[in-house]
Each structure stands twice: as C-alpha cells, then as structure tokens.
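Visitor: Just dropping this structure here.
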C-alpha cells in the first residue's frame, strides 16, 4: 500500500496510515448510509431518518478527524 512506501506526502508511520483508513471509511461509509437511508425512507420513514442521521454523524466524525490529522505531527 502507498502509505508504507517512502515518498513525497506519504506517511510512513503505521498509526497515520491506520488513521487515514479510518477517516476515509467513515466518510465514504457515512455517505453510503445517507444514500441508502433516502431510499429506505420511501418505505419506512423512521428507519430512513435514523440511517440518514447515522450517516451524517459518521461523515461529520470523518471530517473532524481530517482536521485532527492536520494538527498531528509525524514522527518519521
């Protein structure tokens, strides 16, 4: 994986690589759940809105973690 190869702008620290995976999983997973929630909401409003809310929270947490990552320093 590109995170472990030395190069420009690639963190070599496994902690940073793990954080990158968590961030993008939260963002894209959250957006996917929002989209699925809109389709489920056509049949069942309660479950649809719960899925949309959970997806929005996941996406927001991923965005906050991007900010947290920008303030971290790499030890490599």
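The values are calculated or read from the model by the stated rules, or taken from the named source; none is laboratory data. As the structure is a prediction and not an experimental result, all values here were calculated from the model. We place every Cβ from the backbone using ideal geometry, glycine too, and count neighbours over all the protein chains shown.
Visitor: Go through the range 25-76 residue by residue and tally those that are assigned to a loop (DSSP other than H, G, I, E, B) and farther than 22 Å from residue 14 by Cβ.
Guide: 4
Visitor: Of all residues in the range 29-53, which are surrounded by fewer than 17 Cβ atoms within 10 Å (Cβ to Cβ), closer than 20 Å to residue 64 by Cα and free of Cβ contacts under 8 Å to residues at least 24 places away in the same chain?
Guide: 32, 53
Visitor: Quick one: which residue in 59, 43 is modelled with pLDDT of 90 or more and more than 16 Å from the chain's Cα centre (by Cα)?
Guide: Only one candidate qualifies: 43.
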